Amino acid sequence: MGGRDMGRHPGFDTTQVVQAARDVFWDKGYDSTSVPDLELATGLARSSLYHAFENKRGVFDAAVRDYLDTVVRPRLRVLTAEPRDPDAVLVYLQRLVRALTQRPEDAGRRGCLLIDSTAGLASRDDAQRAVVDAYRAELVDAFRHALRTRYPALDDAGALRRARVLTSLSISALVVARTSTSDAVTTLEAALGQVAEWDGPAPDAD
């Protein structure tokens, strides 16, 4: 992704600027975010933004990198951590439910910055589409890793099929979260129900 070496542009806190811009893109989407929106959020004039990031797309690319590093990958860590936790899949889904139900009012329309971009930029931009595809593949692989731990007898093909199911439900929940938290939670509860179904019937109580 584009953007000049931001280390050569002192005078402001790059992380704060990128995260302020990230939140605008997260709320409004790439296409609906204007340069004046970014100026207002970051406190920087257009000339400073363009000097540091080249253009609006450069700001967005930096925002996406920050989103992956500070939001997505920390959330995935429970699925990929060593030593492996057999309940990692449940923990991930339950944490996602909490993240949606406990988000602040000013984040009420946020879903997933990357998935939201597929409705606009990624649908016409090969580079952004590749980023979204890589994110989806990373999520599938994280689920597959955790599922092989929960179900040791499951072969890799079976784990991959189940990982794709959970990925589809998780992404669907984040898409729906833009308009309805309750529907997003229902979708994640369906994912939890799917795991319970894979676990099989609970043993009868004595």
Semi-axes of the equivalent ellipsoid for the chain, please: Cα gyration tensor eigenvalues, times 5, square-rooted, ordered largest first, whole Å.
36, 17, 15
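Quick one: grab the alpha carbon gyration tensor of region 140-206, order the square roots of its eigenvalues as a ≥ b ≥ c, and give me rounded if a/c is under 1.5, else prolate or oblate depending on whether a/b is larger than b/c.
oblate
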Dipole axis of the chain (+1 Lys, Arg; -1 Asp, Glu on Cβ), positive-most option in 181, 131, 143:
131
Amide H neighbours of residue 112 under 5 Å, counting only residues 5+ apart in sequence or on other chains, H built in-plane at 1.01 Å?
none
Take each uninterrupted DSSP H stretch in the chain, measure its Cα extent along the helix axis, and return the ones at 15 Å or beyond whose mean Kyte-Doolittle hydropathy is at least 0.5.
88-101, 156-176
Unit charges at the beta carbon, dipole of the chain: most positive-side option, 112, 167, 200:
112
Placing +1 at every Lys and Arg Cβ and -1 at every Asp and Glu Cβ, with all other atoms neutral, what dipole size does the chain have around its Cα centre, in debye to the nearest 20?
400 debye
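Read-outs throughout are calculated quantities, based only on the coordinates presented, and are distinct from any laboratory measurement. Everything numeric in this text was worked out from a predicted model, so none of it was measured. Here Cβ is always computed from backbone atoms with ideal geometry, including for glycine, and neighbour counts include all displayed protein chains.
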